[in-house]
Amino acid sequence: MTTADLILTHARVLTMDPDRPRAEAVAVAAGKILAVGTAAEIAAFAGPETRIIAAQGRTLLPGFFEGHLHVGLGGADLTHLHIGHLHGPEAVGAAFRAFAAENPEMPVLMAQEAHYAILGHPATRHDLDAMIADRPIAMMSPDLHTVWANTAALQAAGLLHGAVMPHGHEVVMGEDGLATGELREFEAFGPLIAVAGEGRINLGIATGEEPEPRPTAPERAADKALLAKGMMHCAAHGVTSLVNMDGNRYTLDLLAEMQAEDRLPLRVKVPFHFKPHMALEALERASAMAADYDDDWISSGFVKLFMDGVIDSGTAYLLHDYPDAPGHRSEPLFPAERFNALATEIDRRGLQIAVHAIGDGAVRVVIDGYDAARAANGARDSRHRIEHIELIDPADRPRLGALGITASLQPPHAPGAMDFPLQPTMSRIGAARWPDAYQWRSLAEAGAPIAFSSDWPVADVSVLRGISAALTRQPYEGARDERLSLMETLHAYTAGGAWAAHRDHVTGTLRAGLAADLVLLGGNIEATDPAGIADLGIALTICGGRILHDPEGLA
């Protein structure tokens, strides 16, 4: 009998394995799960060198699978000012001035979580100039789709007099012929991010291209430090695997360097980001990334696209007019015929597709594209995904289940559920459409596989906060209760996420032979009031048998 390196015993083990959903102990050897069973069964695997941790009745789960986030951006976000709790120009200005005093050498003072109504009116460069005029400052919306910059920042980025932008990206111009300070979508504020020194780590989401010229060793080290900072922050919240929803080969290369240096803490999947200006031939790069990176720690094998923007800025593509803007519906970033051809070609290559689609119009274009791909190539285990689905037409809901489309959803995004306020989002949707907004149970009942995530740094990466938000969210007026049960929610944050990422042969459930990726909570989640789950805490995070987070010194 193989001797265990580590045993966690006397736990309430929720395995997410339907063949044995509950257990009391887990044995680990050589980075894999050796056995799962009762405390007595697992005790037989102990040897003189085995480390034994008594869980004292706390919940033990598969390590959380973060199915949609931006880990490099998150690492950078940890160094920025956070103003989501503030309201009004006086409070925001005071925070900026204090941050400026603490960071005299920072090239751009960037604030995060600036909700669209943070100043009580549409923000301009003049508002920010009144706070600080002699240094570049900017604030990013919580959804990461809009930046507001002061005049100094616009000048530093070469944007004050405007710039030609790809479709869907805009430097908003004023009547005076100068930029107002509002920069919509990634290409528009990319030059400002570059001035901040974070351009390389943002390329995966901004352009999908590779850094040129080739980054120097110090630049690569700086970027790896941001990735490491982001991953260790995730590990502190019980995350052991993640899908980095922006990417390029440079990201994969950095992760591979970290792996060779024995300092890659988590399992990471990285896409090829296909942008609207790219030709189909660019998919050769996606196929090459998939072929070159496919082990238990670093993988690719999928293509990420944006079909629209976000509701608050009016860039989400709707089937009907925005109620507060008659005649305006926005438009898809990929016309339907082009997306059909693109989805068919990606699917033909055996690659997975993940598309950001928030408005019901965008969701329909994506579903139609996946349907066209299946008709052309035949059905396979594609697990194509739609990210967010904040609004869906009732006629399209059953199509997800029929086509096997994964609903990749973010409990923290639903207005009123966690940190995002109800307004202005709910007014922009309109009360008549509230029953079609932020559906979870309805999609699950329609047969769609569900994967939950945070989209960090758009929202807090804390899975426990996300679980609490998922269980305590209140229905919108006129809409059904869209909450899933505790066990369904836990599944969506573990096995569901692993399955959606084609990683279920590696992780996501606790059964012999899979990776020893585990999270021990600070208490018994099943006995905890849903509102209190956010405060349970993470007692241990273990990835591949390695202990990454141990705040209590249990090991």
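Only the coordinates and a few stated rules stand behind these numbers; no lab work does. If you're wondering where the values come from, they're calculated on a predicted model, not measured in any experiment. All Cβ positions, even for glycine, are placed from backbone atoms using ideal geometry, and neighbour counts span all protein chains on display.
Here the convex hull built on the C-alpha positions of the stretch 351-503 has a volume of 103 cubic angstrom per residue. According to the calculation over all Cα-Cα pairs in the stretch 139-276, the P(r) per 10 Å bin from zero is 11, 37, 32, 16, 4, 0 %. Dipole magnitude for the stretch 217-500: computed about the Cα centre from +1 point charges on Lys and Arg Cβ and -1 point charges on Asp and Glu Cβ, it is near 280 debye. Modelled spin labels at residue 105 and residue 126, positioned 7 Å past Cα toward Cβ, are 3.7 nm from each other. Taking the centroid of alpha carbons for each part, the stretch 357-406 and the stretch 429-463 are 15 Å apart. Mean separation of Cα pairs under 8 Å and 6 or more residues apart, divided by the residue count, gives the chain a relative contact order of 17 percent.
Of 485, 462, 287, the sequence from fewest to most neighbouring Cβ atoms within 10 angstrom is 485, 287, 462. Taking Cα centre as origin and charging only the Cβ of basic (Lys, Arg, +1) and acidic (Asp, Glu, -1) residues, the dipole magnitude of the chain rounds to 1120 debye.
Taken along its principal axes, the alpha carbon cloud of the stretch 217-500 reaches lengths of 55, 42, 33 Å, longest axis first. Remark: the residue 432-residue 155 segment gains 95.4 nm on full extension, using 0.36 nm per residue and subtracting the alpha carbon distance. This ranking places 499, 148, 434, 440 by how few other beta-carbon atoms lie within 10 Å of each, fewest first, which gives 434, 499, 440, 148.
In a Debye calculation with equal point scatterers on the alpha-carbon sites of the stretch 374-444 and no solvent, what is log10 I(q)/I(0) at q = 0.19, 0.25, 0.28 Å⁻¹? Ignoring solvent entirely, the Cα scatterers give -0.81, -1.18, -1.35. The slack in the chain from residue 531 to residue 349, taken as 0.36 nm per residue of separation less the alpha-carbon distance, amounts to 61.0 nm. Would you please state which residues of the stretch 394-433 a label at residue 474 would reach in this model, taking the label point 7 Å out along Cα→Cβ and a backbone N cut-off of under 18 Å? Taking a point 7 Å out along Cα→Cβ of residue 474, the residues of the stretch 394-433 whose backbone N falls under 18 Å are 412-427, 431. Which FRET efficiency value, to the nearest 0.05, do you get for residue 134 and residue 78 by plugging their Cβ-Cβ distance into 1/(1 + (r/R0)^6) with R0 = 35 Å? Efficiency at R0 = 35 Å is approximately 0.85. Spin-label pair residue 50-residue 524: with each label point 7 Å from Cα along the Cα-Cβ axis, the two points sit 2.5 nm from one another. Each of residue 41 and residue 445 was given a label point 7 Å from its Cα along the Cα-to-Cβ line. The distance between the two points is 3.6 nm.
On the basis of the beta-carbon distance and an R0 of 41 Å, residue 98 and residue 380 show a calculated FRET efficiency of 0.15. Magnitude of the charge dipole for the stretch 71-206, about its Cα centre and with charges confined to Cβ atoms of Lys, Arg (+1) and Asp, Glu (-1), is about 180 debye. Put the Cα centre of the stretch 230-304 next to the Cα centre of the stretch 93-114 and the gap is 31 Å.
Within the stretch 71-206, the percentage of alpha carbon pairs spaced more than 21 angstrom apart rounds to 33%. Relative to the dominant Cα principal axis of the chain, helix 249-260 is inclined by about 30°.
The alpha carbons of the stretch 174-227 occupy a box of 45, 20, 19 Å along the principal axes, longest dimension given first.
Between residue 172 and residue 338, the FRET efficiency estimated from the beta carbon spacing at R0 = 30 angstrom works out to 0.65. Dividing the helix sum by the residues of the chain, where each DSSP H run of 4 or more adds -39500 (n - 2.57), gives a mean residue ellipticity at 222 nm of -8500 deg cm²/dmol. Backbone amide hydrogens, once placed in the peptide plane, bring residue 404 within less than 5 Å of nothing, excluding anything fewer than 5 places away on its chain. Fully extending the segment from residue 488 to residue 253 would add 81.0 nm, taking 0.36 nm per residue of separation and subtracting the current Cα-Cα distance. Net charge in the neighbourhood of residue 534 (other residues with Cβ under 12 Å of its Cβ; Lys, Arg +1, Asp, Glu -1) is -3. Identify all lysines with a Cα-Cα distance to residue 304 below 17 Å; exclude those on the same chain that are fewer than 8 residues away in sequence. Partners found: 269, 275. Exposed loop positions in the chain were taken to be GluC sites (Glu not before Pro) whose DSSP state is not H, G, I, E or B and which have at most 12 other beta-carbon atoms within 10 angstrom. Between these positions, the longest stretch is 262-476. Taking the three principal axes of the alpha carbon atoms in the stretch 270-374, the coordinate ranges are 49, 27, 22 Å, sorted in descending order. Would you report the distance distribution of C-alpha pairs in the stretch 493-555 as whole percents per 10 angstrom bin, up to the bin with the largest distance? Taking every Cα pair in the stretch 493-555, the percentages come to 20, 41, 35, 4.
Taking the number of Cβ atoms within 10 Å of each Cβ as an exposure proxy, the fewest-first ranking of 381, 143, 292 is 381, 292, 143.
Taking the longest Cα principal axis of the chain as reference, the axis of helix 360-377 is set at about 60 degrees. Ordering 325, 141, 537 by the projection of their Cα atoms onto the charge dipole of the chain, which places +1 on the Cβ of Lys and Arg and -1 on the Cβ of Asp and Glu, puts 537 at the extreme positive end. Relative intensity of the chain on a log10 scale, I(q)/I(0) at q = 0.05, 0.12 Å⁻¹, equals -0.20, -1.19, per a Debye sum over C-alpha point scatterers of equal strength in the absence of solvent.
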